[in-house]
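Structure first, then comments.
Rule-based calculations on the coordinates, nothing more; no lab input. Computed from a predicted structure; not experimentally measured. Positions of Cβ are generated from backbone atoms using ideal geometry, with glycine treated the same way; all protein chains shown enter the neighbour counts.
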Amino acid sequence: MAKIFKTPEELLQYVERVQAERDPHRKVITVCAGTGCCAYGSMKLADGIEKVISEKKLADEVGLKRTGCHGFCEQGPLVVVQPQGILYRKVKTQDIEEILDITVKKGDVIERLLYRDADGKQYQKEEDVPFYKNQMRLLLANNGLVDPNNIDDYLAVGGYRALAKVLGRMQPEETLAWIQKSGLRGRGGGGFPAGVKWESCRKAPSANGLRYIICNADEGDPGAFMDRSLMEGNPHSVIEGMLIGAWAIGYPGKPQGYVYIRNEYPLAVERLSVALQQAREKGLLGKNILGSGLDFDININRGGGAFVCGESTALMASIEGFVGEPRSKHIHTVVSGLFNQPTNLNNVETWANVPLIIEKGIEWYTSIGTGDVSENPWGGSKGTKIFALVGKVNNTGLVEVPMGTTLRHIIYDIGGGIPAGKRFKAVQTGGPSGGCIPESMLDLPVDFDKLTEAGSMMGSGGMIVMDETTCMVDVARYFIQFLADESCGKCTTCREGLRQLGLIIEKITNGQAQEQDLDLLDELSSTVAEGSLCALGTTAPNPLLSTLRYFREEYEEHVRERKCRAKVCKSLIRFSVIEENCTGCMLCMKKCPTGAAQGEKKEVHKIEQEKCIKCGICDEVCNFNAILVE
Amino acid sequence: MDEQKKKVTFKIQGKSYEGVAEESLLGALRRYGYDVPSLCYHEAVSTYGSCRLCLVEVQKGRRKKLTTSCNYPVQEGIEVFVDTEKVIRHRKVVLELLLAVAPASEHIRQLAGQYGVDSTPYQIKDPENQCILCGLCSRVCHELVSAHAIDFSGRGTGKKMTAPYDETAEQCIGCGACVYVCPTDCIGIKEENNVRSIMRWHRDLPMKPCKQCGRAFAPTFQLMRFAEQINKDRSFFDQCPDCRK
């Protein structure tokens with residue numbers, strides 16, 4: 001039976017003991033067990049390392065740890081040998097023996113497994129790799145250090161110290177004031193000041209004292225995975241944040257917690273469940289937590305796969321067992337939310353920020369980021385933000401930077417620029433309802449307000465990089481159709497408006513649009529944005545409006561010249577053979593799935609247009625640059 | 001006095017009116033004779049706010065915003081504008097969208113015509129369709145009739161109003177309340193050979209003849225359910241309402 005901590009002091013004493021028992025010089029092989037690396041086979045790799053350690057009887061000499069996501073997903077499976085911090089990437093099971101023999105035993109590095117940047121420069125230590133070096137990893141700092149299935153790991157790196165601090169020395173009002181002064185704004189997308197929300201919820205009347213504390217983990221944006229990585233890698237940081245919230249918002253009443261997590265994240269559900277159970281066993285959840293009088297526990301509620309359930313009122317309807325449809329918020333959810341009780345909903349990343357603020361202080365937190373929040377909580381964006389950097393960029397993965405970092409720094413210095421010598425075209429931020437930002441605005445400092453001014457938004461932190469081979473009209477088509485499918489279908493403007501916007505854009509990409517269709521897009525977008533109920537509808541035209549704003553010439557080319565400069569829109573392109581380059585090697589003929597590429601050996605081939613489905617395989621396989629796409 | 005039922009004063013385009021706190025703004029506007037179109041609102045059931053036709057602009061403090069009036073709660077000190085340029089512009093687009101959704105609905109055509117919209121620039125999906133997915137039928141079925149026979153299924157462009165599994169609505173008692181409340185007449189009811197059919201839900205219900213006059217007056221299944229709901233013996237409905245008097 002695990003020991004239940006009865007006071008903050010008992011917890012801190014335990015932490016000291018755990019820390020003292022751990023030898024900081026002990027060799028540990030950490031294997032990333034985030035979803036990305038797992039997909040690359042990291043679990044099998046970890047099992048293999050475990051086996052070899054026991055075969056070689058090295059258990060006294062070296063430990064093995066399966067940790068959360070390290071963030072450098074592009075290079076997975078990732079292995080870091082501690083305490084030196086040597087980073088090996090793309091590690092395979094056949095490398096295990098060598099790692100143990102050479103690195104663990106002799107302390108030498110295996111050059112073959114080290115990371116090399118685009119210029120061929122080689123890096124030994126994780127912290128020196130530009131991808132990591134240029135970041136400010138606060139929330140993700142412990143992801144690579146702790147085993148998410150072991151609460152002692154989290155305690156050893158200072159976890160739950162912030163909870164001990166508030167329960168031992170700070171009144172709920174003081175705790176709340178700290179969050180207010182920190183300027184923390186909601187990481188789920190809206191950027192609403194957390195302190196303002198917390199205070200409204202604390203002050204809202206509740207006859208039975210019941211207040212719900214919810215964590216929104218319904219991360220649905222295509223390409224976004226920061227919340228997932230936090231929950232998979234460091235679930236206790238989220239739980240600790242919610243506990244502090246329960247104290248600040250709900251004590252002395254009866255706060256109750258929920259995590260609404262999408263069912264598509266089975267690993268996050270699993271690790272969070274384990275973490276909750278371990279926290280209960282230590283008395284960090286349950287009755288009279290650390291002797292403070294606070295009773296609080298957290299339930300997990302799994303989502304059913306609807307994107308719209310990330311919207312606060314739809315999420316609450318879903319927890320209640322109803323269809324996930326948003327309702328009007330003329331009465332705010334902080335006053336009447338889940339089961340008509342005052343409800344405070346924050347996103348995973350927002351909750352994970354809370355222990356950091358309590359632990360390190362307001363002054364430290366407000367020194368990171370932009371603007372001034374001392375008078376106006378909307379006056380700036382404080383702290384760091386995690387972005388899921390994906391698309392046409394060399395180093396895809398999770399990137400944590402201070403608010404106000406420029407897009408250029410994120411994409412080039414951390415992301416390593418655009419692969420294959422292609423030219424950057426745009427970056428899409430904020431998920432499907434965000435917008436596309438052009439090259440001319442790469443020096444834009446990224447914070448809540450600057451992104452909104454640029455016609456995009458922070459959203460939950462998705463960042464999709466696009467190069468010259470991306471057609472901006474096609475991008476808008478993709479996102480509008482995604483949102484049309486994911487609309488709950490309640491409002492005519494959203495359901496029918498998005499469907500019609502999608503049809504018009506499709507006409508443009510098919511080369512069947514007229515000039516007036518562009519005006520129709522403008523008019524209809526405005527009604528969808530202003531006439532819909534929830535944020536899904538009101539922000540849905542963003543991908544369209546931002547591409548129209550920055551890339552209008554591409555739309556006009558599609559309409560007037562029936563031309564797609566990125567050569568993406570199939571109806572507007574044509575494949576043919578450049579006769580002087582073709583050697584008659586027959587490769588394109590062999591690969592063409594429809595038999596459109598035709599010809600005799602050593603004679604110039606041709607492409608029969610009626611049969612061509614414009615898949616582009618001929619161009620991909622041709623070694624002689626003999627396919628013309630126009 | 002109950003906080004929720006408090007009398008409040010608010011303005012409609014400069015003129016002061018009295019309302020009840022939290023009541024539907026659309027209801028209040030209609031009470032005072034303002035013409036605001038709507039399809040999904042009915043005072044007998046909860047508001048839903050789906051058709052988006054009852055858009056108005058509401059000034060609250062310094063903020064002025066476009067909102068549907070049906071689900072906007074009347075509050076002290078707000079000012080409402082019912083036909084600003086913005087309202088007219090967006091209402092026109094909503095009507096055009098509705099014309100494209102339900103081209104077969106005579107009612108929608110008439111309503112659009114009243115607001116000067118005679119055609120739609122948008123693509124028609126189904127020329128036969130009349131349903132605009134306002135959900136009034138299911139709200140009446142759930143909230144008033146308590147039969148819970150129909151509801152929405154799916155989402156986004158695949159959303160539809162339907163009986164479970166798109167089959168016969170086994171819980172439908174054939175009361176016809178949905179037919180009565182439907183703004184576009186797209187459900188359909190008929191009585192033939194002492195069978196009442198609610199056409200859209202594929203529900204055919206034999207009707208019970210009155211013991212006294214012999215007239216088939218209501219579906220037997222409906223009478224059974226009603227008897228359960230009001231805790232009466234089934235024989236209570238042996239006679240038709242006329243003979244029972």
For this session: Using the structure shown, decide if A:Q94 is in contact with a Leu (Cβ under 9 Å, 6 or more places away or on another chain) and surrounded by fewer than 18 Cβ atoms within 10 Å (Cβ to Cβ).
Result: no
For this session: Output the residues belonging to the stretch B:103-135 that are part of a helix (DSSP H, G or I), within 28 Å of A:E325 (Cβ to Cβ) and without any contact (Cβ under 8 Å) to a residue 40 or more places away in the chain.
Result: B:A112
Exercise. Given A:K385, A:K329, which one is basic (K, R) and within 14 Å of chain B (Cβ to nearest Cβ)?
Worked result: A:K329
Exercise. When only residues in the stretch B:116-135 that are within 13 Å of another protein chain (Cβ to nearest Cβ) and farther than 12 Å from B:L99 by Cβ count, which is surrounded by the fewest Cβ atoms within 10 Å (Cβ to Cβ)?
Worked result: B:D126
For this session: Please work out if A:R112 is in contact (Cβ under 8 Å) with a residue 24 or more places away in the chain and either surrounded by fewer than 15 Cβ atoms within 10 Å (Cβ to Cβ) or in a strand (DSSP E or B) (or both).
Result: no
Problem set entry | Sole exception among (1) within 11 Å of chain A (Cβ to nearest Cβ); (2) within 24 Å of B:T9 (Cα to Cα); (3) not β-branched (V, I, T) for B:S50, by number | (2)
Exercise. Any idea which residue in the stretch A:465-489 is farthest from A:E556 (Cα to Cα), counting only those that are at the interface with another protein chain (Cβ under 7 Å from one of its Cβ atoms) and assigned to a helix (DSSP H, G or I)?
Worked result: A:E486
Exercise. Looking only at the stretch A:599-617, which residues are closer than 12 Å to A:C582 by Cα, of a type outside the set (V, I, T) and surrounded by 15 or more Cβ atoms within 10 Å (Cβ to Cβ)?
Worked result: A:G599, A:H605
For this session: Go through the stretch A:506-523 residue by residue and tally those that are aliphatic (A, V, I, L, M) and within 12 Å of chain B (Cβ to nearest Cβ).
Result: 2
Problem set entry | Looking only at the stretch B:173-182, and only at residues there that are on the phi < 0 side of the Ramachandran plot and surrounded by fewer than 21 Cβ atoms within 10 Å (Cβ to Cβ), the one that is nearest to the chain's Cα centre (by Cα) | B:V181
Problem set entry | Neighbours by Cβ (under 7 Å, 6+ apart or cross-chain): first from the stretch B:151-164, within 9 Å of chain A (Cβ to nearest Cβ); second charged (D, E, K, R) and assigned to a loop (DSSP other than H, G, I, E, B) | B:F152/B:K159
For this session: Give me a count of the residues in the stretch B:1-28 that are over 18 Å from the mean Cα position of the chain (by Cα) and within 30 Å of B:I132 (Cα to Cα).
Result: 2
Exercise. Just one of the numbered conditions (1) within 14 Å of another protein chain (Cβ to nearest Cβ); (2) farther than 19 Å from B:N71 by Cβ; (3) more than 22 Å from the chain's Cα centre (by Cα) is not true of A:A306; which one?
Worked result: (3)
Exercise. Among the helices (runs of 4 or more DSSP H) confined wholly to the stretch A:490-592, which include 2 or more residues that are without any contact (Cβ under 8 Å) to a residue 40 or more places away in the chain and crowded, with 16+ Cβ neighbours inside 10 Å?
Worked result: A:492-509, A:515-531, A:587-591
Problem set entry | A:V393 being buried (at least 24 other Cβ atoms within 10 Å of the Cβ) and touching a helix residue (DSSP H, G or I) at 6+ places or on another chain (Cβ under 8 Å) | yes
